[in-house]
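Here's the structure we're looking at; comments come further down.
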Ligand SMILES: [Zn+2]
Ligand SMILES: [Zn+2]
């Protein structure tokens, strides 16, 4: 599993989250603790949705 934003390998789940794309619900996003804190952008490869906003 790797972060959808920065591609860091997530080995420790603490602080990391994974969730389905809020738009298409097909792709599972993964965000590491760092990207959550910095509110880094992610893009769904299925529908092009860009979050977190
Ligand atoms: Zn990250
Ligand atoms: Zn999507």
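Scanning segment 21-53 for residues that are within 8 Å of ligand 2 (Cβ to nearest atom) and touching a strand residue (DSSP E or B) at 6+ places or on another chain (Cβ under 8 Å), we see that the one that is nearest to residue 4 (Cα to Cα) is 44.
Set side by side, the residues 31, 7, 36 differ, and just one is within 11 Å of ligand 1 (Cβ to nearest atom) and at positive phi, which is 7. Would you check if there is a residue in segment 22-41 being in contact with a helix residue (DSSP H, G or I) (Cβ under 8 Å, 6 or more places away or on another chain), outside any strand (DSSP E or B) and either surrounded by 15 or more Cβ atoms within 10 Å (Cβ to Cβ) or without any contact (Cβ under 8 Å) to a residue 60 or more places away in the chain (or both)? Yes, because at least one residue in segment 22-41 is in contact with a helix residue (DSSP H, G or I) (Cβ under 8 Å, 6 or more places away or on another chain), outside any strand (DSSP E or B) and either surrounded by 15 or more Cβ atoms within 10 Å (Cβ to Cβ) or without any contact (Cβ under 8 Å) to a residue 60 or more places away in the chain (or both).
Throughout, read-outs are computed from the coordinates displayed, never taken from laboratory work. In this text, all values refer to a predicted model and were calculated from it rather than measured experimentally. Reconstructed Cβ throughout: ideal geometry from the backbone, glycine too, with neighbour counts over all protein chains shown.
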